[in-house]
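Read-outs: derived from the displayed coordinates by stated rules, not from any lab. No experiment lies behind these values; they were computed from the predicted model shown.
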Amino acid sequence: MKDYGRHETPLYCSPSPTIAEKFNDSLSSLVMRDTTGSLVANPYITAHFAIGKKLKFSACGCFHIDYRLGYSMLATCITYLVILVELDSRRC
């Protein structure tokens, strides 16, 4: 199992699961393999799974606001800038 004792800040956004998602996956597999039933009876674990919803931001429910939106906005700005530069160079 991987050691998560040291905190590292990622230099880029990646689609790989975060530490919290890996923890949730490990905990859920432990609960499934528990033959004694003691993990299911634990109120903290039950509450963790009951309120374990992911936080997502959206623009009036139309689309989600995340890092992909920022990349798309940046790419759009660069594209329009290139088009403007090309059109301006044709005038001269």
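You can think of it this way: the chain between Ala50 and Arg91 has 8.5 nm of extra reach, that is 0.36 nm per residue less the Cα-Cα gap.
Note on Tyr67 and Thr35: the extension gain reaches 7.4 nm, defined as 0.36 nm multiplied by sequence separation minus the Cα-Cα distance.
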